[in-house]
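The values are calculated or read from the model by the stated rules, or taken from the named source; none is laboratory data. None of these values were measured; they are calculated from a predicted model. So basically every Cβ, Gly included, is an ideal-geometry build from the backbone, and we count neighbours across all protein chains shown. Accessible surface is based on the protein model in full, side chains and every heavy atom, while ligands, DNA and RNA are left aside. Shrake-Rupley method; radii C 1.70, N 1.55, O 1.52, S 1.80 Å.
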Amino acid sequence: MNPVDNPYNPGAGAPPPELAGREPLIEKALATIQRAKAGRAPKSMIMLGLRGVGKTVLLNKFEQLAEAQGCQTALFEADAERSLPEMLTPQLHRLLLRLNVIKRVGHDVQKAFGQLRAFAGVFKVSIGEVEFGLSNEVATGDLAIDLSDLFVAVGEAARARNVAVVLLIDEVQSLSRPDLSALIMALHKIAQRQLPVLMFAAGLPQLAKLAGDTKSYAERLFDYPPIGPLDEDAARSALVAPAEIEGVAYHDAALAHILQETERYPFFLQVWGSHAWEAAAQSPITRKDAEEATRRSIAALDQGFFHVRFARLTERQLDYARALAEFGPKGANSTAVAERIGLSVKQAAPIRDEVIKKGMAYAPTRGEVAFTVPKFDDFLRRKMAEGTKRGRSAKA
Ligand SMILES: Nc1ncnc2c1ncn2[C@@H]1O[C@H](COP(=O)(O)OP(=O)(O)OP(=O)(O)O)[C@@H](O)[C@H]1O
Ligand SMILES: [Mg+2]
């Protein structure tokens, strides 16, 4: 069918035509925002899930909800190459400028600006033309203390204006340990003071453990909703609803095939939906179209989505990943993976840690390791089979 009308939207953070199956979480986020606005202690949330489950899309949705509620928001994606002060300062600066517009009188925003200047000064961050460093407020150079003071100042300015501040942080597993620890401590301080500052964060599943290891109270301070594949009804509506708007239907057998192949992962549903649309000559989309979509989707993913991740691994990390892939989608015990590549657990541990650090794998439970990218094990096994085939034909 006409690609111009193709409603599906595969991509990173690309808003889906139908945000299926996340209603309970969206309601919860809305209630949390409203609680914060009403001056009640809100519980911050860290959404955890594998690649392509829809975490970024949800964060963007929460940002819209917060803005619709008149809250001030700051959204950024954590980057392992940058420090938290570097990423946070411009965001908080913008946020304070907007808070300042709400009510120009009062020293509280000026105090928060002063705190931010001191903070930026001590952590050597500058943004644009703004002069940082000269301030009546003080910063100690200890990130946990200074961030707590800064959050308190921002929270007090927000409270005086009856608004809440909503921080939205994506890829939060990329924060360094000291940065993560300081962030948790600052939010802890905010919770104790009952100030209207709230965080919605998203990250890969290893984060819960990281946060808990960093500060044991982090377990109680946040909710950690797991974000996973959609349930059957939601997965069906993720495919059907956007097509329906264009007057296009699916045969049940086509839907069943796509649900099975995608394992109901949101990103894959968009990929398959998009290819099924293009493979079909007309409505309804048939099982044959869906099977063609599977061929095209796998070919496209192998060249793009999977390949870029594969290309990021060094030779020894690849050996590790290949061994892990042999165990299937659920991953394996680290000891078993080490044995498979003929290394001791001690020798394999640093390689495993590198693969985890690259965001390719995580530890579902202690001693276990699994891929963060759904179906990456299938991809690696496909590649190995191709390699073997090529090897055989070269010998022949
Ligand atoms: N609830 C949903 N229903 C249908 N499609 C969805 C849903 N959530 C996300 N998608 C689609 O899935 C894809 C991935 O979404 P998103 O980038 O938010 O995932 P992510 O969890 O942030 O992935 P990553 O960890 O790689 O950043 C996008 O194409 C998006 O349109
Ligand atoms: Mg994302």
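Here's the yes/no breakdown for (1) surrounded by fewer than 22 Cβ atoms within 10 Å (Cβ to Cβ); (2) in the same structural domain as Ala385 (by TED's automatic domain parsing):
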site	(1), (2)
Glu261	yes, no
His275	no, no
Arg295	yes, no
Ile298	yes, no
Arg312	yes, yes
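Kindly indicate whether any position in the range 247-257 is small (Gly, Ala, Ser), buried (at least 20 other Cβ atoms within 10 Å of the Cβ), modelled with pLDDT of 95 or more and in a helix (DSSP H, G or I). Yes.
Taking the conditions exactly as written (surrounded by 15 or more Cβ atoms within 10 Å (Cβ to Cβ), within 13 Å of ligand 2 (Cβ to nearest atom) and under 16 Å from the mean Cα position of the chain (by Cα)), does Gly54 satisfy them or not? The answer is yes for Gly54. What are the residues in the range 62-78 that are within 12 Å of ligand 1 (Cβ to nearest atom) and surrounded by fewer than 19 Cβ atoms within 10 Å (Cβ to Cβ), if any? Residue satisfying the conditions is Glu77 alone. Could you list all residues from the range 1-46 that are modelled with pLDDT of 95 or more, touching an Asp or Glu at 6+ places or on another chain (Cβ under 9 Å) and within 16 Å of ligand 2 (Cβ to nearest atom)? Result: Met45, Ile46.
Restricting the range 109-161 to residues that are modelled with pLDDT under 85 and open to solvent by less than 60 Å² (accessible area, probe 1.4 Å) leaves a set whose member that is nearest to the chain's Cα centre (by Cα) is Ile127.
Report, by residue number, each residue of the range 208-230 that is among the charged types (D, E, K, R), open to solvent by 50 Å² or more (accessible area, probe 1.4 Å) and within 16 Å of Met45 (Cβ to Cβ). If the condition is that a residue be among the charged types (D, E, K, R), open to solvent by 50 Å² or more (accessible area, probe 1.4 Å) and within 16 Å of Met45 (Cβ to Cβ), then Glu219, Arg220 are the ones that fit.
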